[in-house]
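**Q** Attaching a single structure in structure tokens format; questions to follow.
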Amino acid sequence: MQEEQNYNAFQELNIFENTEINKVCDALFTKVKQLTNEDLSICGSMAKVFDGTLPEDYQPKDLDLVISQWGFRLLTSNLEELEGVLMIEKLPGRIILYLKAYLCIEIWMESSKFNFTPKFYKNKLKYTSYGD
């Protein structure tokens with residue numbers, strides 16, 4: 001039997017000033033791991049903050065995440081609700097979670113068109129490096 005893993009990296013590292021957003025992100029990462037056995041990877045502006053391309057005090061309007069095509073298909077049919085999320089919109093190639101805390105989380109289907117390097121922020125959160 002597989003050991004259940006609960007993520008707490010967002011809360012532990014206090015990624016967002018809003019504690020509710022950190023809780024929702026940890027719950028989402030846990031749920032995705034349970035459904036797909038895959039880890040989400042942070043991309044977009046937050047990945048650029050982690051890489052040092054954008055300043056640490058940058059305030060994102062959303063959180064972009066990426067998952068494999070297989071994982072995306074599983075999420076499309078199985079991700080129905082999550083505490084702290086008002087609505088889940090499923091579109092071709094992405095899933096948008098609208099949070100009560102006025103932030104959107106977008107889960108993108110991985111595309112082979114891009115060659116990104118996976119890294120870990122403080123050895124806890126997987127993110128996609130855009131390189132130099």
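**Q** Do you know which residues across region 1-48 are surrounded by fewer than 20 Cβ atoms within 10 Å (Cβ to Cβ) and of a type in the set (A, V, I, L, M, F, W, C)?
**A** MET1, ALA9, LEU13, ALA27, LEU35
**Q** So TYR102 clears everything in (1) in contact (Cβ under 8 Å) with a residue 60 or more places away in the chain; (2) farther than 20 Å from GLN34 by Cα; (3) of a type outside the set (A, V, I, L, M, F, W, C) except one condition, right? Which one?
**A** For TYR102, the exception is condition (1).
**Q** Take the residues in region 54-106 that are under 14 Å from the mean Cα position of the chain (by Cα) and of a type in the set (Phe, Trp, Tyr), then tell me which one is surrounded by the fewest Cβ atoms within 10 Å (Cβ to Cβ).
**A** Once the filter is applied, the top-ranked residue is TYR98.
Read the figures in this text as sums done on the coordinates, not as results from a lab. Quick caveat, the model's predicted, so the values are computed rather than measured. Positions of Cβ are generated from backbone atoms using ideal geometry, with glycine treated the same way; all protein chains shown enter the neighbour counts.
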